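Colleague: Take a look at the following structure, please.
Since every read-out is calculated from the coordinates, none of them should be taken as a lab result. A quick note: this is a predicted structure, and the numbers were derived from the prediction, not measured. Cβ: placed from backbone, ideal geometry, glycine included. Neighbour counts: every protein chain shown.
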Amino acid sequence: MFRKLRNHDGTPLIALDKDELEMDGVLEDGVAPDGKQMHVQRLGEGVYVVRDVSDGGIAELPEFIHR
């Protein structure tokens with residue numbers, strides 16, 4: 001899925017797919033909870049991963065990313 005990099009008051013932003021966030025339980029009633037934290041990690045040039053942050057910590061990376 002392609003998304004446009006947008007400028008929001010000088011901060012680059014990319015929107016995530018709402019349906020996929022709902023599938024993963026990130027949203028509450030289709031809305032991002034106030035103060036919801038997400039972890040963004042640069043893995044290499046042009047490669048980033050976004051992970052959910054919950055009371056249990058940061059979601060683990062799938063095994064195929066460790067290869």
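Colleague: Once the piece of chain linking L61 and I14 is laid out straight, how much longer is it, given 0.36 nm per residue of separation minus the C-alpha distance between them?
Modeller: Taking 0.36 nm per residue and subtracting the Cα distance, the gain is 14.9 nm.
Colleague: Could you tell me whether the chain comes out rounded, prolate or oblate from its Cα gyration tensor? Rule is a ≥ b ≥ c as square roots of the eigenvalues, rounded for a/c under 1.5, then prolate if a/b exceeds b/c, otherwise oblate. Could you put the intermediate results ahead of the total?
Modeller: Details: a/c = 1.57, a/b = 1.02, b/c = 1.53.
Here the chain falls in the oblate category.
Colleague: How far apart, in nm, are two points set 7 Å out from the Cα along the Cα-to-Cβ line at N7 and at D34?
Modeller: That separation, rounded to one decimal, is 3.2 nm.
Colleague: How big is the dipole moment of the chain about its Cα centre under a simple scheme where the beta carbon of each Lys and Arg is +1, that of each Asp and Glu is -1, and everything else is neutral? Debye, nearest 20, please. Before the final figure, lay out each step's value.
Modeller: Working: 8 positive and 14 negative charges, 99 e Å.
Its charge dipole is roughly 480 debye.
Colleague: Output ³J(HN,Hα) for region 12-21: one whole-Hz value per residue in order, computed from phi by the Karplus curve 6.51 cos²θ - 1.76 cosθ + 1.60 with θ = phi - 60°, and x for Gly and Pro.
Modeller: Rounded to whole hertz, the list is x, 10, 10, 7, 9, 5, 4, 4, 5, 5.
Colleague: 222 nm [θ] for the chain, helices only, -39500 (n - 2.57) per DSSP H run of 4+, per residue, to 500?
Modeller: Theoretical 222 nm ellipticity from helices: -2000 deg cm²/dmol.
Colleague: To the nearest 0.05, what FRET efficiency results for E22 and R42 with a Förster distance of 35 Å applied to their C-beta separation?
Modeller: Efficiency, rounded to the nearest 0.05: 0.85.
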